Structures are given as structure tokens and as C-alpha cells.
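Visitor: Before we start, here is the structure in question, set down as C-alpha cells.
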């Protein structure tokens, strides 16, 4: 009888130990994003009165498991192109043309290469063009705010952006070039 009781206690302890290990594994998988959908930030402009545009991140859930950063950036930029959804449209706008095609995203060290078709350059005045670039830079650099963004059109690096070539993009673009679109910078 004594050995049977010991066997039951061992089974309980072993069961609890196995449960603890399983919980640790599940917690680790959840924390790393393997068991839950991930989230990315998409930078849109908040609608407001006056002449200022304020850039704010809007959270979007990823579909499926996305583990590498370039795929997360690609997904976020695709969401940026699709614009605010029906629930967000009351509060947010985008300067990115909805017809734009994202061709490639590549990371090389501290640089993010973003390749669009020529539609990305269409329409808008200087402020809207700068806003579009700000949206791209902030969305692409959300996982590394110090990274630079190099813009490509149909696989080729460009020196200026928009139909009239009004914005110089020959050097990598960084967040600090667009701080005037952030609310806290104007306060």
C-alpha cells in the first residue's frame, strides 16, 4: 500500500513538472509571436482642422505568422498602400496613392531598400509628397528607428521624387527629416 501511495505522489509531481514545462514552452512561443498574430504600425495622418498634418501609428494585426523583419516591413507597407480601413477613415488619411505597387523590401545593415512602381510618385503638391515620404519612412523604420530608407522605383535608385523631381531622395531618408509631422515636435 505504501509503494502505491508513493507511485501516485510521483505521478502527480511528474505531471505537474510536465505541465510546467509545457506552459513555459507555450509562453515562450506566444512571447516570440509564433502562436499569436503579430502587430505592425502603419503611419497615417490624423484628420484635424488647420494646415498641420500629424503623423500617428495605427496598429494592424498581421495575418499568419511573420517572423522576419523584412516581411513585417513589407506587410506594413502593403497596409500603408491600402490606406485607412472603413473604421479608420473617419479619423485618418493617407498621402500614398492606393494604386501603388510594392515591388520589394530588402534590409542591408542599417538601410532599408523599398522598391515601388512609378505610381508612388503620382499626384500631390510639395506638402503631400513630403507627407508620403514621411509615411513610408516611419512605417519602414518602426523596428529600427535609426535605420535609413533608400527609395527605389522599378528596381532603380532615384535621386529625386515626384513627377517634377521636387524632393531630393539621393541619400537615405531618416525619421529626423520628417519630425515636423509629429505633434510633439510642434508643441
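The values are calculated or read from the model by the stated rules, or taken from the named source; none is laboratory data. Please read all numbers here as calculations on a predicted model, not as lab measurements. Every residue, glycine among them, receives a Cβ derived from its backbone with ideal geometry; neighbour counts consider all protein chains shown.
Visitor: Restricting to the range 59-69, count the residues that are out of contact with any helix residue (DSSP H, G or I) (no Cβ under 7 Å at 6 or more places or on another chain) and more than 16 Å from residue 137 (Cβ to Cβ).
Guide: So the count comes out to 7.
Visitor: Would you check if residue 104 is in contact (Cβ under 8 Å) with a residue 40 or more places away in the chain and in the same structural domain as residue 48 (by TED's automatic domain parsing)?
Guide: yes
Visitor: I've got another one for you. Suppose we filter the range 131-156 for residues that are touching a residue at least 60 places away in the same chain (Cβ under 8 Å) and in a helix (DSSP H, G or I); how many remain?
Guide: 6
Visitor: Can you pull out the residues in the range 72-93 that are farther than 19 Å from residue 39 by Cβ and in contact with a strand residue (DSSP E or B) (Cβ under 7 Å, 6 or more places away or on another chain)?
Guide: Listed by number, the list holds a single entry, 93.
Visitor: Further question: Do you know which residues across the range 97-132 are closer than 16 Å to residue 176 by Cβ and at pLDDT 95 or above?
Guide: Across the range 97-132, the qualifying residues are 110, 111, 112.
Visitor: Kindly establish whether residue 141 is within 13 Å of the chain's Cα centre (by Cα), closer than 20 Å to residue 38 by Cβ and either at pLDDT 95 or above or not assigned by TED's automatic domain parsing to the domain that holds residue 43 (or both).
Guide: yes
Visitor: Same structure again: Can you pull out every residue in the range 38-89 that is assigned to a helix (DSSP H, G or I) and within 22 Å of residue 131 (Cβ to Cβ)?
Guide: Correct list: 73, 74, 75, 76, 77, 78, 79, 80, 81, 82.
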